[in-house]
Structures are given as C-alpha cells and as structure tokens.
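*Asks:* Dumping the structure here so I can ask a few things about it.
Bear in mind that the values in this text are calculations on the coordinates, not laboratory data. Predicted model, so just to flag it, every value in this text is computed and none were measured. Neighbour counts run over all protein chains shown; Cβ positions are idealised from the backbone, glycine included.
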C-alpha cells in the first residue's frame with residue numbers, strides 16, 4: 001500500500017474510533033440517550049451553505065505502459081538476422097530478429113512428409129471406394145479377362161478386360177516401293193476378306209518411310225489403310241488390298257490382319273470380391289457403363305481411420321508451422337523497442353549478433369507503446385463496489401508540479417490481497433500520453449472520482465446526529481432557541497455531506513466539540529469496520545447514493561457523534 005493510502009486509512013479509522021468512543025453514547029455500542037460525564041462538551045455553530053462535495057478514492061504508484069510485449073527467443077538456435085538496436089521505434093509487423101533452429105525446422109519437414117504420405121493413402125482408399133463399381137473406360141467392344149467370374153477376388157492391379165473402338169479398323173499392307181510411291185493419303189483401296197470372299201473399300205492413311213526387302217530382294221513399303229466397320233468386320237480378319245492406278249491394278253504383296261484403331265485395358269483399381277458381372281466378352285458397351293460390382297466390408301473402416309490420422313497430422317503440421325513462423329520475431333504493434341526491459345545497465349544485444357547461439361527464453365528487450373500509460377493503485381475493499389470501469393480520474397505527477405492529467409478507470413481486479421486484516425484490490429487507471437511526457441516508472445497519484453456534485457447545500461460531517469437509523473441536526477434559531485431537525489443526505493465526502501432535505505441555505509447548525517476518549521479495543525474496531533463495509537448506516541438513511549457516517553446518541557445538543565469519512569482510503573473535498 002502506498003503512503004497516501006496508509007495515511008488515509010489511519011486517519012479515517014482513527015476519526016471513526018474517536019466518534020464512536022468519544023462522542024457520547026453510540027447507537028452501535030451503547031444506545032443510551034444520556035450524555036456520559038466523561039464527554040464534557042462545548043459547541044459552535046456552522047451555516048448551511050452551497051458548495052461542492054466530491055467523493056473519490058486515491059492512491060499513489062509508479063507509471064507503467066498499457067501495451068508491452070517482451071521479445072524473447074522462442075527456441076534454441078542460431079541468429080540468422082538481427083535488426084534491433086538498443087532503442088528504436090518500430091511499426092507493427094516489422095521484422096526484428098530471425099532465428100534458425102534445425103530441430104524446429106526439421107520437425108516441420110518431417111511432419112509435412114508424413115502428412116503427404118497419409119493424404120496419398122487416403123486418396124487411394126477413397127479411389128478404391130469409388131471404384132467398387134467398375135465401369136468401361138470408353139465406348140467399344142468389351143473383352144473380359146478369361147478367368148474372371150462372380151466371386152473372383154481382385155485387387156487394384158487385377159486386369160478386368162479391354163474395350164476396343166470397333167467403329168473403324170486399320171491394317172498395314174506391304175506394297176512394292178515403286179507402286180507405293182504412286183499412292184497418296186485418301187486413295188481408295190479394295191480390301192478382300194479371305195475367309196468370307198468379302199470386299200470392302202478403305203482409304204490410304206499413311207505411306208511408310210522405311211523400306212525392307214522380301215525373299216526375292218524386292219523393296220517393300222507398308223501402307224496403312226483404314227476402313228469403316230459396318231458390323232461385318234472384326235479385328236483379326238486376314239485381308240489383302242488392291243488399288244487401281246492409271247487403269248492398272250496393284251496388289252499388296254501379302255495378307256495382314258485387321259486391327260482396332262484404339263484399345264484400352266482397364267484394371268479393378270479396388271480390392272474385394274466381384275459380386276456381379278453385368279456384361280460378357282463381345283458386348284458393345286458405352287463409356288462409364290458398369291461392367292462389374294465389387295464388395296469390400298472393411299474399406300469404409302479403413303477410410304475413417306485414415307481420415308483421423310490425416311486430421312491429427314494436419315494439426316501437428318499446423319503447430320510445427322507456427323513454431324517455424326515464430327522463429328521470425330515481429331513487432332506486435334507500433335511503439336518503441338528498448339533493451340532496458342532486459343537490462344538497464346548493459347546492451348544485451350552485444351551478445352546476440354548474427355551467427356550467435358541463443359537458448360529458448362533469451363530476452364532481447366521489449367516493445368512498448370507510450371501512447372497510454374497506466375497507474376495501478378490499491379483500493380480498499382470498502383470502496384470496491386463503487387469502482388466501475390469508465391470512472392474519470394485526475395492524476396498528479398511528482399515530475400510535473402501543478403499539472404493535472406486526465407484519465408479514467410480501465411479495470412479493477414477481482415482478486416484481493418489482504419494486509420493487516422484489510423483487503424485491497426488493484427484498480428488500473430489509464431492516462432493518455434499524447435505528448436509522450438509521462439515516462440515508465442514516474443510516480444503519480446490518481447484520484448478516481450466516484451461522485452462530484454457542485455453548488456449543493458453542504459454541512460461538515462461533525463454536525464450530524466444519528467440515532468436508531470435516523471439522521472438529524474440541531475438548528476439554532478436567531479432567538480437562541482434550538483431545535484432538532486431530521487434531514488436526508490446525498491453525496492458524502494470525508495469532511496462534508498450533501499443535504500437534500502430538511503435544511504435551507506443560511507440555517508445555523510450546532511457543531512459539538514468533544515474531548516477524545518481512549519482508543520477502542522481491537523474487537524470494537526473490527527465491529528466498526530464491519531459496519532462501514534455494510535453501508536455505514538441502515539439503508540434508507542442516505543438517499544441519492546450517499547451514506548451518513550456512524551455515530552450518534554441523542555437529540556439534545558452535544559449528544560450526537562461526529563461522522564467519519566467512509567472507506568479507509570476514501571478522500572473528498
């Protein structure tokens with residue numbers, strides 16, 4: 001607790017004890033109407049007048065910054081780049097230090113490789129699931145593998161069959177070089193199917209460039225011929241070709257077999273057992289048409305398990321990537337970097353040059369913003385209910401005599417600290433520092449304004465009389481007579497109260513003067529503090545949010561007890 005709080009606590013509690021034990025019989029302890037002989041009294045009067053009543057709580061401490069972040073090494077490694085100087089302005093996102101850590105970077109690399117493998121395995125399983133229905137890869141004539149049947153076990157590489165385009169066929173026939181050179185693409189060729197004595201007309205597609213010799217030494221060239229299939233032709237048929245050149249027939253030197261223009265073999269691409277075969281060899285199928293159906297009872301479980309592995313690994317890689325990203329230290333906000341937060345006497349950066357080794361947690365300094373300063377003060381538990389964020393505060397700084405800085409209550413802690421039987425809570429006052437004159441560590445005193453009423457009727461607290469929950473004063477009239485007048489109170493401070501009902505400006509009110517008694521016992525002091533904590537006086541006595549101090553003991557002049565200031569560290573003007 002700062003000295004101002006200690007002085008305020010002692011003063012208010014001592015005043016209250018004097019009131020209770022020295023002011024004639026009290027409601028709290030004695031509840032007697034007669035005046036004890038020990039409290040020999042004199043009296044004076046005070047006029048009810050208009051003034052200001054301020055209810056506030058104050059405390060003294062050292063300024064801190066609202067925004068501050070330490071710049072430390074996130075891992076053991078080697079400094080790659082160092083862009084810090086002992087004191088320098090920074091902008092949010094500026095690169096400050098880059099660290100290379102083999103372990104951190106290797107963890108990311110290994111994690112990424114593992115993730116790629118798991119993702120590939122998952123994609124393979126999902127493809128197998130999609131391939132449980134085996135479909136034709138293209139339109140054409142189907143030829144199934146010979147031993148394939150319902151119940152057959154297949155795996156990803158099992159060949160299911162072949163689909164061939166049968167709308168046109170092709171054949172390569174050999175012609176003598178000198179005759180072949182007279183042909184050109186598009187020339188008609190009559191193809192004779194030997195087994196059926198059938199002739200169809202095709203067209204020259206290409207004429208080969210390479211020559212070869214037959215048994216007689218004649219040079220031959222292959223001529224590729226295409227023929228449309230009207231349904232009577234098929235691959236494997238022997239054919240010969242005849243062309244008509246300048247009224248003269250030229251014939252191929254040998255027969256050759258018709259071939260499909262395009263054939264595509266397809267695999268199972270999944271594993272399991274064939275439950276249905278929907279086509280047989282020789283069927284004409286369309287692209288995408290289902291050929292067979294495969295069942296696999298464990299495939300879905302394998303996919304689910306693999307997905308979980310992928311999810312876990314993705315989270316691990318994300319975490320590893322975050323660790324790598326953290327190796328590049330950036331300014332968290334606009335402000336100033338300073339090594340003073342690490343060591344005020346030496347420049348710690350001298351030990352952290354590029355190439356130097358660092359340990360996890362090595363501190364380079366801190367980035368802070370001086371735009372808003374904070375002043376943490378301690379608030380007595382009796383005042384904690386009045387502390388609400390947003391309350392205005394006036395701050396006085398030892399270094400700037402006579403100047404008042406404006407601030408406001410930013411937050412109040414919810415966990416108290418007990419010292420000497422009294423619990424205190426930290427209240428943080430935020431003070432704008434636009435001209436940057438307030439420095440870290442300067443001493444300041446903050447006065448948090450709870451209520452501040454101006455131009456209201458006021459009385460000193462010593463004039464109040466309290467008996468059985470009622471507040472009254474003794475009014476002295478011009479003719480010298482006295483009258484006990486009940487009043488209602490508003491705002492109170494340590495020295496004065498607001499009168500909201502019962503008196504008018506100029507009324508003369510008796511203020512008794514009393515001889516102090518000895519201090520009360522610790523038990524009585526604790527009882528008095530408990531009464532203050534619970535509101536000072538019964539509810540309803542102090543309308544408007546104010547509260548009358550404890551004490552009192554009779555309606556007759558000189559029989560009342562003077563009031564205290566409320567909470568121990570509460571101030572007022």
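*Asks:* Taking neighbour Cβ counts within 10 Å as the exposure measure, how do 234, 362 sort from fewest upward?
*Replies:* Starting with the residue having the fewest Cβ neighbours, the order is 234, 362.
*Asks:* Against the empirical 2.2 N^0.38 Å scaling, what ratio does the C-alpha Rg of segment 216-357 come to?
*Replies:* Compactness ratio reported: 2.57.
*Asks:* Put a dot 7 Å past each Cα toward the Cβ at residue 201 and residue 165; how far apart are the dots in nm?
*Replies:* For residue 165 paired with residue 201, the spin-label model returns 2.3 nm.
*Asks:* Evaluate E = 1/(1 + (r/R0)^6) for residue 513 and residue 50, where r is the Cβ-Cβ distance and R0 equals 25 Å; express this FRET efficiency to the nearest 0.05.
*Replies:* 0.50
*Asks:* Using a cut-off of under 12 Å, list every residue of segment 153-178 whose amide N is near the label point 7 Å from the Cα of residue 267 along the Cα-to-beta-carbon line.
*Replies:* Residues 155-160 qualify, since their backbone N sits under 12 Å from the label point.
*Asks:* Oh, and also: Note down the nm distance, to one decimal, between modelled labels 7 Å out along Cα→Cβ at residue 300 and at residue 279.
*Replies:* Distance between the two pseudo-spin positions: 2.8 nm.
*Asks:* Arrange the following residues from fewest to most other Cβ atoms within 10 Å of their Cβ: 397, 290, 53, 104.
*Replies:* Result, fewest neighbours first: 290, 104, 397, 53.
*Asks:* So how do 464, 148 line up by other beta-carbon neighbours within 10 Å, fewest first?
*Replies:* 148, 464
*Asks:* For residue 345 and residue 81, what does the FRET efficiency come to when R0 = 30 Å and r is the distance between their Cβ atoms, rounded to the nearest 0.05?
*Replies:* Efficiency for this residue pair is about 0.70.
*Asks:* Return a whole-number percent for the relative contact order of segment 29-168, with Cα pairs under 8 Å and 6 or more residues apart as the contact set.
*Replies:* Rounded, it is 15 percent for segment 29-168.
*Asks:* Pairs of alpha-carbon atoms within less than 8 angstrom and 6+ residues apart define the contacts here; what relative contact order does segment 135-295 have, in percent?
*Replies:* For segment 135-295, the relative contact order is 38 percent.
*Asks:* Okay, moving on. Find the Cα radius of gyration of segment 129-249, compare it with 2.2 N^0.38 Å by division, and give the number to two decimals.
*Replies:* 1.45
*Asks:* Another question, if that's okay. Give the separation of the Cα centroids, segment 238-261 to segment 413-462, in Å.
*Replies:* Their Cα centres are 111 Å away from one another.
*Asks:* Between residue 117 and residue 482, 0.36 nm times their residue separation minus their Cα-Cα distance comes to what?
*Replies:* Fully extending the segment from residue 117 to residue 482 adds 121.5 nm.
*Asks:* Now, a different point. With the crude spin-label approximation of a point 7 Å out along Cα→Cβ, what separation in nm comes out for residue 91 versus residue 290?
*Replies:* Label at residue 91, label at residue 290, 6.3 nm between them.
*Asks:* What's the Kirkwood radius of segment 325-462 in Å, using all Cα pairs?
*Replies:* With all distinct Cα pairs of segment 325-462 included, I get 18.6 Å.
*Asks:* Shifting gears a bit: Given R₀ = 25 Å, FRET efficiency for residue 64-residue 325 by Cβ-Cβ distance, to 0.05?
*Replies:* Result of the calculation: an efficiency of 0.30.
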